Ligand code: EPU
């Protein structure tokens, strides 16, 4: 297993180009199963989660070609069964259920297992499929969904923890080919849902309201091939904003959608950093010290859970006491004990991290536990004294395209050590 070694104390400056969004690209690639015609998707990031999705599409029988950031998929004839060996590596595999159900009226996909960021049920996805007249059963570790005919209806997909991003996408994909009108109340309004809806619309779907909490889908008989560019990754961008605030003098992010980052840029400016925000670039001016901030993660347009760990790293060096409350995945705090090993002063009270800023962090061997937790540890390593060794970096490769090279391009000193047992 690779590890990343960060030599702390280098200052960051310059430009970094943000890649296409992982969480947009995954359901968009799954949506190519809705048609037998070729689809061409640009700005697909080179990440292990994307490779897993392409493997699933190939396994299902689609022709997949990849040239640099462009992926072409033609799903002329597809099977409807995605077995455990190929879906177990990634929870987002579950988003092939919707398109397979839409097109073939049946799908069988191995159920995603537990996950370190908390229990990750798919009950809301199934609630939506049932509302479309499908039957759903769990058999031998697989979830099986099938219908004689999919019929549009009105449903509410809001759960106890708020709306569901992949659940909204999954049901929206199935509903594009259902008979009649589907209304999803309590829909997720994340930019990734809007990007998926835009792609589906290019394929011939009739969708209104994406980006709001109520999405209307009028079913059509069939969809056709389409070409689409995935939106910039707002979480990768946010991670570089935090890196720049922590360790930068002047860092500019290119190919961002600044509107998608409002909650994050607000938090960073509240922490005392000057930002120059344009439509598709953001410049951060580091000043060596953050002011304390009180944050609550919420569904979009609130502060994203996927930026919570990185903000904990930033606030661990703030000039006072901050708090970060997680409402989307209340157990998503694996980074806390690792940050504490680096000298951070953080106390967990239920789903709230109380962070008392310290004047220095010290490098240590730390263990990456999930994607965003790993990123937080690399960020902390940038400003820690000495050397931070982040183990199990396959987590980070799931969601950040060349993070080590991009940070090195800004002046960080980072090594990747390959194939450690
Ligand atoms: N939930 C349910 N039932 C469901 C589905 C979700 O109770 O059927 C709960 C979850 O347990 C959670 C909340 O609803 O408490 C929100 O989960 P959601 O379904 O929105 O998460 P997701 O769609 O599985 C996506 C991203 C995550 C991101 C969340 C929230 C992808 C591939 N993943 O997951 O991204 O944290 O939305 O914004 O799009 C990451 O990139 O690091 C990552 C974990």
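The values are calculated or read from the model by the stated rules, or taken from the named source; none is laboratory data. Keep in mind it's a predicted model, so treat the numbers as computed, not measured. Methodologically, a virtual Cβ is constructed for each residue, glycine included, from the backbone with ideal geometry; neighbour enumeration extends over all protein chains shown.
How many residues, within region 47-75, are assigned to a loop (DSSP other than H, G, I, E, B), modelled with pLDDT of 95 or more and loosely packed, with under 15 Cβ neighbours inside 10 Å?
Of the residues in region 47-75, 1 are assigned to a loop (DSSP other than H, G, I, E, B), modelled with pLDDT of 95 or more and loosely packed, with under 15 Cβ neighbours inside 10 Å.
Of all residues being within 22 Å of residue 190 (Cβ to Cβ) and surrounded by 19 or more Cβ atoms within 10 Å (Cβ to Cβ) in region 316-331, which is farthest from the ligand (Cβ to nearest atom)? Just the residue, please.
Residues of region 316-331 within 22 Å of residue 190 (Cβ to Cβ): 324-331.
From what is left, the residues that are surrounded by 19 or more Cβ atoms within 10 Å (Cβ to Cβ) are 324, 326, 328-329.
Working: 324: 15, 326: 10, 328: 5, 329: 5 Å.
Applying the filter and picking the extreme gives 324.
State whether one or more residues within region 177-192 are in the same structural domain as residue 128 (by TED's automatic domain parsing) and under 17 Å from residue 19 (Cα atoms). Spell out how you get there, then give the answer.
At the first step, the residues of region 177-192 found to be in the same structural domain as residue 128 (by TED's automatic domain parsing) are 177-192.
Add one more test, that the residue is under 17 Å from residue 19 (Cα atoms), and what stays is 191-192.
Looking for residues that are in the same structural domain as residue 128 (by TED's automatic domain parsing) and under 17 Å from residue 19 (Cα atoms), one finds at least one in region 177-192, hence yes.
Please work out if residue 97 is in the same structural domain as residue 210 (by TED's automatic domain parsing), within 21 Å of the chain's Cα centre (by Cα) and near the ligand (Cβ under 10 Å from one of its atoms).
Values: in the same structural domain as residue 210 (by TED's automatic domain parsing): yes; within 21 Å of the chain's Cα centre (by Cα): yes; near the ligand (Cβ under 10 Å from one of its atoms): no.
When the stated conditions are applied, residue 97 does not pass them.
So if I check each of 177, 200, 223, 261, which one is at pLDDT 95 or above, under 30 Å from residue 319 (Cα atoms) and in contact with a helix residue (DSSP H, G or I) (Cβ under 6 Å, 6 or more places away or on another chain)?
Numbers: 177 fails: under 30 Å from residue 319 (Cα atoms); 200 fails: under 30 Å from residue 319 (Cα atoms); 223 fails: under 30 Å from residue 319 (Cα atoms).
One residue alone meets the criteria, 261.
Could you identify the single residue in 189, 174 that is more than 8 Å from the ligand (Cβ to nearest atom), assigned to a loop (DSSP other than H, G, I, E, B) and in contact (Cβ under 8 Å) with a residue 40 or more places away in the chain? Even if it seems obvious, please write down each step before you answer.
On the way: 174 fails: assigned to a loop (DSSP other than H, G, I, E, B).
Result of the check over 189, 174: 189.
Every residue, every condition in (1) within 7 Å of the ligand (Cβ to nearest atom); (2) crowded, with 18+ Cβ neighbours inside 10 Å; (3) at pLDDT 95 or above, yes or no:
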position: 117; (1), (2), (3): yes, yes, no
position: 124; (1), (2), (3): yes, yes, yes
position: 134; (1), (2), (3): no, yes, yes
position: 138; (1), (2), (3): no, no, no
position: 142; (1), (2), (3): no, no, no
position: 145; (1), (2), (3): no, yes, yes
position: 149; (1), (2), (3): no, no, yes
position: 155; (1), (2), (3): no, yes, yes
position: 160; (1), (2), (3): yes, no, no
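Residue 40 - would you say it is touching a strand residue (DSSP E or B) at 6+ places or on another chain (Cβ under 9 Å), in contact (Cβ under 8 Å) with a residue 60 or more places away in the chain and within 19 Å of residue 195 (Cα to Cα)? Spell out how you get there, then give the answer.
Numbers: touching a strand residue (DSSP E or B) at 6+ places or on another chain (Cβ under 9 Å): yes; in contact (Cβ under 8 Å) with a residue 60 or more places away in the chain: yes; within 19 Å of residue 195 (Cα to Cα): yes.
In short, yes.
Look at region 367-392 and say how many of its residues are closer than 16 Å to residue 248 by Cβ and either at pLDDT below 95 or in a loop (DSSP other than H, G, I, E, B) (or both).
Residues meeting the conditions: 1.
Quick grid of which residues meet (1) in the same structural domain as residue 240 (by TED's automatic domain parsing); (2) surrounded by 20 or more Cβ atoms within 10 Å (Cβ to Cβ); (3) touching a residue at least 40 places away in the same chain (Cβ under 8 Å):
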{"position": "276", "(1), (2), (3)": "yes, no, no"}
{"position": "288", "(1), (2), (3)": "yes, no, no"}
{"position": "291", "(1), (2), (3)": "yes, no, no"}
{"position": "304", "(1), (2), (3)": "yes, yes, yes"}
{"position": "314", "(1), (2), (3)": "yes, yes, yes"}
{"position": "333", "(1), (2), (3)": "yes, yes, no"}
{"position": "351", "(1), (2), (3)": "yes, no, no"}
{"position": "361", "(1), (2), (3)": "yes, yes, yes"}
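Looking at 75, 13, 82, 67, can you tell me which residue is more than 15 Å from the chain's Cα centre (by Cα) and either within 14 Å of the ligand (Cβ to nearest atom) or not assigned by TED's automatic domain parsing to the domain that holds residue 200 (or both)?
Every option except 13 fails the conditions.
Please work out which one of (1) more than 19 Å from residue 184 (Cβ to Cβ); (2) away from the ligand (no atom under 12 Å from the Cβ) is the condition residue 112 fails and give its number.
(2)
Name the residue, out of 6, 96, 44, that is crowded, with 23+ Cβ neighbours inside 10 Å, touching a helix residue (DSSP H, G or I) at 6+ places or on another chain (Cβ under 6 Å), assigned to a loop (DSSP other than H, G, I, E, B) and on the phi < 0 side of the Ramachandran plot. Spell out how you get there, then give the answer.
Details: 6 fails: assigned to a loop (DSSP other than H, G, I, E, B); 96 fails: assigned to a loop (DSSP other than H, G, I, E, B).
Of the residues listed, the single one that is crowded, with 23+ Cβ neighbours inside 10 Å, touching a helix residue (DSSP H, G or I) at 6+ places or on another chain (Cβ under 6 Å), assigned to a loop (DSSP other than H, G, I, E, B) and on the phi < 0 side of the Ramachandran plot is 44.
Have a look at 210, 243 and point out the one that is closer than 30 Å to residue 381 by Cα and modelled with pLDDT of 95 or more.
Working: 210 fails: closer than 30 Å to residue 381 by Cα.
Criteria check complete, one pass: 243.
When region 309-335 is examined, which residues are found to be in a helix (DSSP H, G or I) and either modelled with pLDDT under 95 or touching a helix residue (DSSP H, G or I) at 6+ places or on another chain (Cβ under 7 Å) (or both)? First the steps, then the outcome.
Start the filter on region 309-335 by keeping residues that are in a helix (DSSP H, G or I), which leaves 309-315, 334-335.
Of everything in region 309-335, those that are in a helix (DSSP H, G or I) and either modelled with pLDDT under 95 or touching a helix residue (DSSP H, G or I) at 6+ places or on another chain (Cβ under 7 Å) (or both) turn out to be 309, 310, 311, 312, 313, 314, 334, 335.
Mind listing whichever residues of region 262-308 are within 19 Å of residue 407 (Cβ to Cβ) and in a helix (DSSP H, G or I)?
Listed by number, the residues that qualify are 264, 268, 306, 307.
Away from the ligand (no atom under 16 Å from the Cβ) and at positive phi - does that describe any residue in region 278-300? Quick ask: steps written out before the conclusion?
Pass one, region 278-300, residues away from the ligand (no atom under 16 Å from the Cβ): 278-294.
Cutting the leftovers down to at positive phi gives us 288.
Within region 278-300, one or more residues are away from the ligand (no atom under 16 Å from the Cβ) and at positive phi.
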